[in-house]
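Undergrad: Got a structure for you, written out below as structure tokens; questions coming shortly.
Every read-out reported here was derived from the displayed coordinates using simple, explicitly stated rules and does not represent laboratory data. These figures come from a predicted structure and were not determined experimentally. Note that we place each Cβ from the backbone using ideal geometry, even for glycine, and neighbour counts take in every protein chain shown.
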Amino acid sequence: MLLESSNLLKRNDPSSLQLVLRALSKSTRETDIIGWYEEDSIIGVIFTEIGDAEGRAVASALLSKVPNALCSTLGIEHINEINLSFHVFPEESQDNNSGGPTNRALYPDLLPRRRPARVSRLAKRSLDIVGSLFAMLFLSPVFLIICGLIKLTSAGPALFRQARVGQGGKHFNFLKFRSMYTNNDPGIHREYVKSFIAGSAAPDGGQPGVFKLTNDPRVTPVGRFLRRYSLDELPQLLHVLRGEMSLVGPRPPLPYEFESYDIWHKRRLTAVKPGITGLWQVEGRSKVEFDDMIRLDLRYAAEWSLWLDLQILFRTPRAVLTGAGAY
């Protein structure tokens, strides 16, 4: 429930705010959660432990209970200043292609936040262009060696093309050095991803504290080496140069990963452009649970600065060379 009043809820007028809170305490349970939804403007109440089927019935009952409680503590002039709205989470989107709810009042975090200043955006883009060009030139012999090893040890192309979900839910073709046998069944990874996102994943091979398939039969011997040191990711420098990705940012998910996301997970696709490396990679890679990985991505988006990008880039080689948490 959202209770909105820009006049009554200002903290510099505690008397009216206390009256509203007193009314809410009379019409809610001990298990319900009351707090600011938007400071000095909107109070939010989460009515917990209510199943989806009974949610709308409860909302209907509250529609009479809460106003009655407000009327018992506030005058009619104050009642007319209050706007109440009830919502059952999650609400279905009116646009099936949007990937989430469209209610701007209830889900402000799903909307793109204020964009960084133009100078900051230009600085980040300049870093991406210069960094990706330098890396491709410097690593060009490595590109050739990897291509040769892949072609010599398994049938199929050296590069692997895959659909990924970028910023704002836009799909793009994603390049990697091929680390798997061709014509493999993606069902193994699809099922693991669903359980990983749900928090119930048990990694193959039983590695404690590792949240990734550790014994994937689809991976070639050369592919295991490439993955351990993230060398299979090098072709993504082309996406950085083209502007589809950044050097630093959240990893772009597969479409079937995106389908398993909770509402709040999708913020990582609206906040910033996807990247090759990020806080998740330097903080623990596959030793981080999915929800914690999302939190790191959101923390990066909230605290972004050019200095933070540089810090992550400087820390990335060590994370890659140690191979910690990589499989």
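Undergrad: Using a cut-off of 27 Å between alpha-carbon atoms, which lysines can reach residue 151, once sequence neighbours fewer than 8 places away in the same chain are excluded?
TA: Counting by Cα, and skipping residues close in sequence, residue 151 has these lysines nearby: 176, 212.
Undergrad: Over all directions, how big on average is the projection of the convex hull of the alpha-carbon atoms in the stretch 2-89, in square nanometres?
TA: Mean shadow area of the hull around the Cα atoms is 5.3 nm².
Undergrad: In 5 Å bins starting at 0, how do the alpha-carbon pair distances of the stretch 118-322 split up by percent?
TA: That works out to 1, 7, 14, 19, 22, 18, 12, 5, 1, 0, in percent per bin.
Undergrad: Another question about this same structure. Just in the stretch 125-178: which trypsin sites (Lys or Arg not before Pro) are loop by DSSP and have at most 16 other Cβ atoms within 10 Å? Don't skip to the answer; put the middle values down first.
TA: Numbers: sites: 125, 151, 161, 164, 170, 176, 178; in loops: 170, 178.
Taking the stretch 125-178 and a limit of 16 other Cβ atoms within 10 Å, the loop trypsin sites (Lys or Arg not before Pro) found are 170.
Undergrad: For residue 246, list long-range residues whose amide hydrogen, built 1.01 Å from N in the peptide plane, is under 5 Å from its own amide hydrogen.
TA: Distant-sequence amide H within range of residue 246: 275, 276.
Undergrad: Out of residues 5 or more away from residue 180 or on other chains, whose amide H comes under 5 Å of its own, with H placed 1.01 Å from N in the peptide plane?
TA: 220
Undergrad: Fewest first, what order do 307, 264, 36 take by the number of other Cβ atoms within 10 Å?
TA: In order of increasing Cβ crowding within 10 Å: 307, 36, 264.
Undergrad: Would you please classify the overall shape of the stretch 261-310 from the alpha carbon gyration tensor, given that a ≥ b ≥ c denote the square roots of the eigenvalues, rounded means a/c under 1.5, and beyond that prolate means a/b larger than b/c while oblate covers the rest?
TA: oblate
Undergrad: To continue, here is another question. Summing Lys, Arg as +1 and Asp, Glu as -1, what charge do residues with Cβ under 9 Å from the Cβ of residue 253 carry, residue 253 excluded?
TA: Cβ neighbours under 9 Å give a net charge of +2.
Undergrad: Taking the beta-carbon count within 10 Å as an exposure proxy, list 240, 165 from fewest neighbours to most.
TA: Lowest count first: 165, 240.
Undergrad: Can you list residues whose amide H is under 5 Å from residue 174's amide H, if they're 5+ apart or on another chain and H is modeled 1.01 Å from N?
TA: Distant-sequence amide H within range of residue 174: 162, 163, 164.
Undergrad: Arrange the following residues from fewest to most other Cβ atoms within 10 Å of their Cβ: 185, 32, 232, 216. Intermediate values should be presented prior to the final figure.
TA: Details: 185 9, 32 16, 232 23, 216 19.
Lowest to highest Cβ neighbour count: 185, 32, 216, 232.
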